[in-house]
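Below: one structure, written as structure tokens.
The values are calculated or read from the model by the stated rules, or taken from the named source; none is laboratory data. Everything numeric in this text was worked out from a predicted model, so none of it was measured. Cβ atoms come from the backbone with ideal geometry, glycine included; neighbour counts cover every protein chain shown. Calculation scope for accessible area: heavy atoms of the full protein, side chains included, ligands and nucleic acids excluded. Shrake-Rupley method; radii C 1.70, N 1.55, O 1.52, S 1.80 Å.
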Amino acid sequence: MGGLRKNIGGLFGALAAGLFLTPGAAQADSLIENVNGITLDSEGKVVRFVAMLVDDDGRVKQLLNRKDKRPREVDFQFDGKGRTLIPGFFDAHGHVMGMGFGALTLDLSDSKTLAEALAKIARYAADNPGRPWIIGNGWNQEVWGLGRFPNAAELDAVVPDRPVYLSRVDGHAAWVNGAAMTAAGVSSSSKSPSGGTIEKAGGKPTGIFVDAAMSLFDQAIPAPRAVERDLALAKAQEILLANGVTSIADMGTTMQDWQSFRRAGDAGQLKIRIISYASGIDDMIAIAGPAPSPWLYDDHLKLAGVKLYLDGALGSRGALLKQPYTDKPGESGLAMLSSAQLKNKMSRAAMDGFQTAVHAIGDKANEETLSAIEELQATYKGDRRWRVEHAQIIDPVDIGRFAATGTIASMQPVHQTSDRLMAEARLGPGRLDGAYAWKSLRDSGAVLAFGTDVPVESPNPFAGLAAAMTREDAAGQPFGGWMPAQRLNREQVWQAYTYGAAFAAFAEDRLGTLEPGKRADFVIIDQDIMLATPAQIRQLQVLQTWIAGKPAYIRN
């Protein structure tokens, strides 16, 4: 909350420095003047402007060039001092509450070795003696170069007296200690649930629980109180706004999450725009009832559809593949749902007009999702905008089916740079042609919607822009890009992070670009995004973030 208070204080500073009232103004328009304004239009073409008129509803009224006449009277005026102004980013796939809680609990995402992670866990436990459970996230055994999963014994050595529950960076596996297993009633006799795996050695659980097996701890871990949830939401909004993200598709909204969003909206504290996809059919019905919710709080909140999980992640070998994993030939991934179950759930959503977003990472999962869509289209007509979330590994023969069915590929470019070495190990060189195949999908006619999968990756969209343009990581590796034929140009990437993401959520009529009639959600940055190199794009700084024509974040 302290960061939000600072932002409010910064607003008054901005009012004094560049935003000034016009006494006795007869109209309620605002003029954003003296900017290097750049937006894409709905066709993906670059539009430049030097001023923007915003109406009292917080919508763009007019984009102005140097020769255009300025209105005689406005309510207030802001001098951008020549800085670059662009549309706010729309993250097509994130986890709002997960990001907030992750920022408030133990974060292991920066640990480079197992020893470093264990030391950090020990320090956190010592610094928080009153916490009944040690909860954290962000570990990645691939980054550690461990060649295996960590285990409970290693955690017991540093925290023997309290339960520890640590989510893997992708959220598809948990690492726990002995006390946590005791608290959850997990023992050698415990069996892996459908769609999940209890990793065992010598018949005993090792402390790693994959996908559906993570739910074995749901009842044992103390549920966050409402005040803690609200604090997590406030933190998440602070982080998103600081990164220039003004809208986000929240994938897996629970009823408790929705209640937090509503409390913030009721209190006038919902700054970002959240398009929710419920965490399963039950939450979808409980939240929205017979149909998707209307837009609430002046276009700040909407329940649009449902998120379904068909498989797991590559890192935990849960992604469902057509052929076994190269580095573990006996396994082909985890099916969270059978084909019949998937179609039944998609049908239940579609019959009431809800959009479906299916998590599918492996090539088999993508094939099954596309087959389900093809079958359901015979019954459910019209503009459905079926979504596949991640679409990381696709058999090349299935790529054309996205455009043919109007299915949106909701993808996260930074996953490619984070996962490339792991993907090579998991799949081998012969199955990479359809891996993170952005250009092939776009060339086939499919709509791309880009996001970050925060908190799995950083919410910073500029890293994703650079990754999609170069197929190189922050260190410039591999030189020339990994499978460089799948690179996209600047406008294509930017469109996927703005208009494409809005289109994927049926929100392109009001969000995604700075065009007359749309919400004036924009970001002021320190460089021209059309002139900056990919390396410079990674370093771009968000100076201010505005929602509906009003400052929501100002960098100190």
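Some points to look at:
Let's see how each residue does on (1) free of Cβ contacts under 8 Å to residues at least 40 places away in the same chain; (2) open to solvent by 30 Å² or more (accessible area, probe 1.4 Å):
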position	(1), (2)
Gln492	no, yes
Ala502	no, no
Asp509	yes, yes
Leu514	no, no
Lys518	no, no
Asp521	no, no
Met530	no, yes
Arg538	no, yes
Gly549	no, no
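- Flag for Gly318 being within 22 Å of Gly147 (Cβ to Cβ), open to solvent by less than 60 Å² (accessible area, probe 1.4 Å), free of Cβ contacts under 8 Å to residues at least 40 places away in the same chain and within 26 Å of the chain's Cα centre (by Cα): no
- First in the stretch 67-84 and of a type in the set (S, T, N, Q), second anywhere and assigned to a loop (DSSP other than H, G, I, E, B) and at pLDDT below 95, Cβ under 8 Å, 6 or more apart: Gln77/Thr22
- Of all residues in the stretch 54-88, those satisfying the criterion of being in contact with an Asp or Glu (Cβ under 9 Å, 6 or more places away or on another chain), of a type outside the set (Gly, Ala, Ser) and crowded, with 22+ Cβ neighbours inside 10 Å are Val54, Val60, Phe78, Pro87.
- Residues of the stretch 196-219 that are within 26 Å of the chain's Cα centre (by Cα), farther than 10 Å from Ala173 by Cβ and open to solvent by 10 Å² or more (accessible area, probe 1.4 Å): Ala212, Ser215, Leu216, Asp218.
- Taking the criterion of being open to solvent by 40 Å² or more (accessible area, probe 1.4 Å), under 24 Å from Phe450 (Cβ atoms) and charged (D, E, K, R), the only residue of the stretch 239-289 that qualifies is Lys271.
- Test for Ile547: is it at pLDDT 95 or above, closer than 21 Å to Lys271 by Cα and within 23 Å of the chain's Cα centre (by Cα): yes
- No other residue among Gly312, Gly400, Gly353 is in contact (Cβ under 8 Å) with a residue 40 or more places away in the chain and either open to solvent by less than 30 Å² (accessible area, probe 1.4 Å) or under 19 Å from the mean Cα position of the chain (by Cα) (or both) apart from Gly312.
- Subset of the stretch 404-424 [over 15 Å from Asn140 (Cα atoms), open to solvent by 10 Å² or more (accessible area, probe 1.4 Å) and under 21 Å from the mean Cα position of the chain (by Cα)]: Val414
- On inspection, Ala520 fails the criterion of being in contact with a strand residue (DSSP E or B) (Cβ under 8 Å, 6 or more places away or on another chain) and within 15 Å of Asp41 (Cβ to Cβ).
- Close pairs (9 angstrom Cβ cut-off, 6 or more residues apart or separate chains): of a type in the set (Val, Ile, Thr) in the stretch 97-110, open to solvent by less than 40 Å² (accessible area, probe 1.4 Å) anywhere: Thr105/Tyr124; Thr105/Ile134; Thr105/Gly136; Thr105/Asn137
- Residue list for the stretch 425-471, restricted to those being of a type in the set (D, E, K, R) and either under 30 Å from Met97 (Cβ atoms) or surrounded by 22 or more Cβ atoms within 10 Å (Cβ to Cβ) (or both): Arg426, Asp453, Glu457, Arg471
- For the stretch 89-139, residues that are among the small types (Gly, Ala, Ser), surrounded by 23 or more Cβ atoms within 10 Å (Cβ to Cβ) and in a helix (DSSP H, G or I) total 3.
- Within the stretch 148-176, residues that are under 15 Å from Ser109 (Cα atoms) and at pLDDT 95 or above reach no partner that is among the aromatic types (Phe, Trp, Tyr) and assigned to a loop (DSSP other than H, G, I, E, B) with beta carbons closer than 6 Å at six or more positions or on different chains.
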